[in-house]
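See structure below.
Every number here is computed from the coordinates shown, using simple stated rules; none is lab data. No experiment lies behind these values; they were computed from the predicted model shown. Virtual Cβ from ideal backbone geometry, glycine too; neighbours counted across all protein chains shown.
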Amino acid sequence: MNEQNLPIDIHVGKLVEWLISRRHVKREWPEDVRMIREKINNAIQDMPEHPEITRLLSGTYINYFHCLKIVEILRETEKDTKNILGWYGSQRMKDWQEVIRLYEKDSVYLAEAAQLLVRNVNYEVPSIKRQISKGIQIQQDCDRKVEDCIRGIADSKKKYLQMCKQIGIAGDKVKHELVDLLKTLPEEFAVIAESSKSLAPARQLYSDFLSFTIKETQPECLPLLKFVMEHGNVTTYEWLYGEAPCSIEEPHLEFSLDDETDKTESDQIDFGDGGTIDFGEASGEIDWGNLTEVNTQTVNWDVGEIDNITTADIVVEDSGVAGGVAKDSEALSVLYNPKTRNQFIDELYELQGFLGQRISELKYEGSVFFNQFSNAAISVQDHTADQVAEMLSQVKSLLAKLSTTKMQHLYLISSSARYVDRLADSLKSKLAVGDKLAESQVSAIQLKEKTAEEQRSLTPKLALIIARTKELQSHIQEHISKRYKNRPVNLMGAYLSMQL
């Protein structure tokens, strides 16, 4: 093969070293380049208006081959300054011609072009590609984050509404609705007290069973349950002292609703007994009946001379405690009062435990149990497992009414006005999560838009750098080829082919 046709293969990563080792450029070429760059920076300050010059000066690093094109353009724009000897009088032309002369001295331009090619291939192009790839990844992440935020907002709203539904409020004005809901508690207790009457057979069975199994005298069975069945949800005072109070001084809870507007109802809660007792206009004074009014001026206090009044005509009833006035916890109904309510619930659980055990015994049809209850009263023997199961179902139903989420919260609200604030904050925290997610969603959308804008600016920049790099590669191959009798020159390297 003719030697002139043999290609010269040069690895692009070792191009500068190859030029130095072949003595095409000096090892000190970077110092010459620094001086040339200063002259280019000065010359570029005074340039004519020309679209091609604007294109050349934008986007990439100006090199020797750009300078050649600039001089070609200046030949047209500065032709009026040319004298009869062919020299240009324009300072612009002189500056750029000086730059080209310095570039060509010791082939500095070739070393700089080689360095630019290596930098573009190894750093500039990969960097922009990474930025674009990262931008695409960020946009995809933002899309996923927006979807997650949308789901999270919906979930937080759903949880909020579920909690509000469990409590029994709409969730528009939480504190007002909780206070209004508390006003319905006496009605709820009245329904429970009425439902407790259906437990009379179960309680009677338990009482008869205890009387048969325990011969000694026992306290009354489930006393509070019996009391509620007979009297309803009356005051604790009546439960304690066996009589209705002459008057009730009801406790009040003050709720802070300042942070919720449009307050239309009082924030004081009436803790009465649900309207089950009418005390008229009682003032706490003893009613002496139809006794004749006695004029104090005519009364003879001599005991022996009392004529019209006898002690048998006066009946003074026991007025209970403090003159028959129900105060503080005694003014609360038995189901409203935490202490008596807990006792009521405990008695229901006691009855539930008995009925459950009794069902197990009835299902075990052994002779031992038959003989054991053969002498028992008919009320103890005359029931089946199904009948007891029905009684147990009624007890569980009543316990369920007392143990709902709504009732549990109402108990706590009735005990502490501050619990309204805590419960409202707990509910609103669900919405706060949604608000934070909404902010994150907006941030993700903004980040996506910003990244997309950056990507739109990087795409043409990448295309421009790749085009200029290919140009540079072609110029370098051409100029090296001229130095070797036009032998073909190939700049090689996997990274070069991958990037370009």
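Considering only C-alpha atoms, what is the centroid distance from region 7-82 to region 188-259, in Å? What the calculation gives is 103 Å, centre to centre.
Distance between the modelled labels on Leu464 and Asp80, one decimal in nanometres: 3.1 nm (7 Å Cα→Cβ projection).
Each label was represented as a point 7 Å from its Cα along the Cα-to-Cβ direction; for Lys215 and Glu38 these points are 12.6 nm apart.
Once the Cβ-Cβ distance of Lys396 and Arg144 is raised to the sixth power relative to R0 = 41 Å, the FRET efficiency obtained is 0.30. Taking the Cα centre of region 1-101 as origin and assigning +1 to Lys and Arg Cβ atoms and -1 to Asp and Glu Cβ atoms, the resulting dipole is close to 220 debye.
Taking amide H atoms as placed 1.01 Å from N in the peptide plane, the amide H of Val489 lies under 5 Å from those of Ile8, each 5 or more residues away in sequence or on another chain.
Around the amide H of Lys82, modelled in the peptide plane, lie the amide H atoms of Gly89, all under 5 Å away and 5 or more residues distant in sequence or on another chain.
Each 10 Å bin, from zero up to the one with the longest distance, holds this percent of the alpha carbon pairs of region 1-149: 9, 27, 26, 19, 12, 6, 2, 0. Proximity of backbone amide H atoms, modeled 1.01 Å from N, is registered between His11 and Met492 at under 5 Å, excluding neighbours fewer than 5 places apart on the same chain. With a Förster radius of 45 Å applied to the C-beta separation of Ser127 and Lys165, the computed FRET efficiency comes to 0.20. Rounded to the nearest 20 debye, the dipole magnitude of region 101-229 is 320 debye, with +1 charges on Lys and Arg beta carbons, -1 on Asp and Glu beta carbons, and the Cα centre as origin.
Taking square-rooted eigenvalues a ≥ b ≥ c of the alpha carbon gyration tensor, is region 91-210 rounded, prolate or oblate, where a/c under 1.5 means rounded and, failing that, a/b exceeding b/c means prolate? Prolate is the answer for region 91-210, as a/c is 1.5 or above and a/b outweighs b/c.
Seen from Ser127, the other residues with C-beta closer than 14 Å to its C-beta sum to a net charge of +3, counting Lys and Arg as +1 and Asp and Glu as -1. Phi angles across region 194-200 convert, under the Karplus curve 6.51 cos²θ - 1.76 cosθ + 1.60 with θ = phi - 60°, into 3J(HN,Hα) values of 5, 5, 5, 4, 5, 8, 4 Hz, Gly and Pro given as x.
Give me the distance between the Cα centres of region 84-150 and region 462-484, rounded to whole Å. Region 84-150 and region 462-484 have Cα centres spaced 13 Å from each other. Derived scalar couplings between HN and Hα for region 397-412 equal 4, 5, 4, 5, 5, 7, 10, 5, 4, 4, 5, 4, 5, 5, 4, 5 Hz in order, rounded to whole Hz, by the Karplus curve 6.51 cos²θ - 1.76 cosθ + 1.60 (θ = phi - 60°), x for Gly and Pro. Straightening the chain between Leu412 and Glu72 buys 113.3 nm, computed as 0.36 nm per residue apart minus the Cα-Cα spacing. Exposure proxy for Phe212, Phe189, Phe255: other Cβ atoms within 10 Å of each Cβ, ordered fewest to most, give Phe212, Phe255, Phe189. Spin-label model, Ser457/Ala438: points 7 Å from Cα along the beta carbon direction are separated by 3.2 nm. Taking the Cβ-Cβ separation of Ile136 and Ser474 as r and a Förster radius of 25 Å, what is the calculated FRET efficiency to the nearest 0.05? It comes out at approximately 0.25. Summary value for region 60-117: 38 percent relative contact order, contacts being C-alpha pairs under 8 angstrom separated by 6+ residues. Counting charges near Thr77 (Lys, Arg +1; Asp, Glu -1) among other residues having Cβ under 13 Å from its Cβ returns a value of -2. Averaging 1/r over every pair of different alpha carbons in region 416-500 and inverting the result gives a Kirkwood radius of 18.8 Å. Taking 26 Å as the limit for the C-alpha separation, the pairs Lys215/Lys401; Lys327/Lys396; Lys165/Lys401 exceed it in the case of Lys215/Lys401; Lys327/Lys396.
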